[in-house]
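What follows is a short report on a single structure.
Coordinate-derived values only; no laboratory data. Small disclaimer: the values here were computed from a predicted structure and weren't measured. Here the Cβ positions follow ideal geometry from the backbone for every residue, glycine too, while neighbour counts run over all protein chains shown.
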């Protein structure tokens with residue numbers, strides 16, 4: 001293995017630190033029991049973390065482009081190690097949420113510069129292959145997360161899903177080694193502070209509006225989000241050095257594929273929100289067995305990484321994206337029909353299909369974004385890909401959970417479970433149809 005390949009693996013290992021967070025989903029029932037929470041309250045464990053790194057990622061990506069991707073990535077590894085240790089030691093639910101906020105800052109530092117750093121270590125001609133390996137490593141983290149989460153939770157309780165990642169962060173930091181990280185910014189180039197503040201306000205208000213969607217507080221929050229978004233767009237169009245050049249969204253299909261990323265991840269995250277409760281309540285499985293089954297949801301994405309990179313030589317990334325979303329929809333549709341007697345093989349098949357489709361879509365989407373945005377703004381490109389992905393995740397934590405709780409109020413868990421996944425499948429199929437339709441129109 002070459003020195004460059006070793007560094008690629010170190011960057012991938014650092015990225016797995018974030019995706020190993022799927023271990024936390026397996027620990028949801030134990031967190032609910034330990035802090036005497038209602039099931040719906042556990043969504044804040046997701047929101048506090050994901051909202052933080054979503055709102056900061058474009059900002060940190062811009063800083064990475066200016067100050068050096070390797071420098072920001074290393075800081076993210078070190079910060080994450082400390083935040084994860086604090087999460088494991090949190091004595092109350094409010095303090096756990098505070099520590100999850102700190103963990104989100106570390107994730108933003110890692111995710112914003114991971115793709116940029118990985119592609120910088122190789123020639124541009126190898127971009128798709130590098131991104132394939134990078135997405136494979138992320139999928140490996142998502143696969144191992146629930147497996148380790150189940151075993152560790154069963155033996156040591158929910159704090160273990162946090163502290164086991166501290167040595168992973170330190171190992172990635174040591175393996176990365178010295179990489180030159182020269183500032184890219186020209187003399188006198190300034191950071192767009194006003195744009196950064198408006199972006200954070202827009203994203204935070206948007207997610208909080210979703211969370212309060214059934215109450216009166218949703219309306220002022222939604223208006224605040226729209227006002228901040230309008231201000232952000234106005235600021236970016238006139239700023240001499242914007243956080244992101246919004247003119248790129250005028251390119252054919254670029255706005256659509258980013259919207260598709262939000263919708264696809266909204267649909268797909270239903271697996272991580274609801275399947276853990278199905279496996280424990282409807283099937284009576286242990287934490288360890290639940291983790292093993294959930295691992296199948298991302299196991300397919302490990303194959304999709306290098307496999308999808310090979311397919312990009314013969315199939316356009318825009319077409320691969322539509323195919324991937326359709327596979328996600330098919331997997332979710334199969335999950336909607338689960339009952340207490342569904343065969344284990346059928347559970348695995350549905351989860352594998354959904355995971356393979358999501359992996360194909362993520363690779364194709366990341367390839368489109370990094371190819372479209374200028375290479376000198378690769379930190380912003382990688383951040384945009386992660387922002388749309390996590391916006392979908394946060395939306396799912398609110399919308400899907402709200403739908404499930406409303407349906408489950410009747411006391412029929414399986415009926416609510418099936419209806420929620422039917423909604424997710426329909427959303428995925430509709431997104432795939434939009435992508436395919438735009439591609440056909442583009443050929444005319």
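In units of the compact-protein estimate 2.2 N^0.38 Å, segment 311-444 shows a Cα radius of gyration of 1.21. Apply the a/c threshold of 1.5 to the C-alpha gyration tensor of segment 1-86 and tell me whether it is rounded, prolate or oblate. Prolate, since a/c reaches 1.5 and a/b exceeds b/c.
Here the peptides 256-266, 399-409, 102-112 are ranked by packing, the mean other Cβ count within 10 Å, and the order with the highest first is 102-112, 256-266, 399-409.
Length gained on full extension, residue 78 to residue 433: 123.5 nm, using 0.36 nm per residue less the C-alpha separation. Remark: relative contact order (the chain) = 24 percent; criterion is Cα-Cα distance under 8 angstrom and separation of 6 or more residues. Over all alpha-carbon pairs in the chain, figure out the percentage whose distance exceeds 28 Å. It works out to 46 percent of all Cα pairs. Seen against the Cα atoms of the chain and their longest principal axis, helix 296-311 is set at about 30 degrees.
The long axis of helix 3-19 is offset from the longest Cα principal axis of the chain by roughly 40 degrees. Rounded to whole Å, the principal axis extents of the Cα atoms in segment 192-240 read 41, 13, 9, largest first. With the highest mean first, a sort of the peptides 315-328, 216-229 on other beta-carbon atoms found within 10 angstrom per residue produces 315-328, 216-229.
For the chain, the longest principal axis of the Cα atoms and the long axis of helix 193-211 meet at an angle of about 10 degrees.
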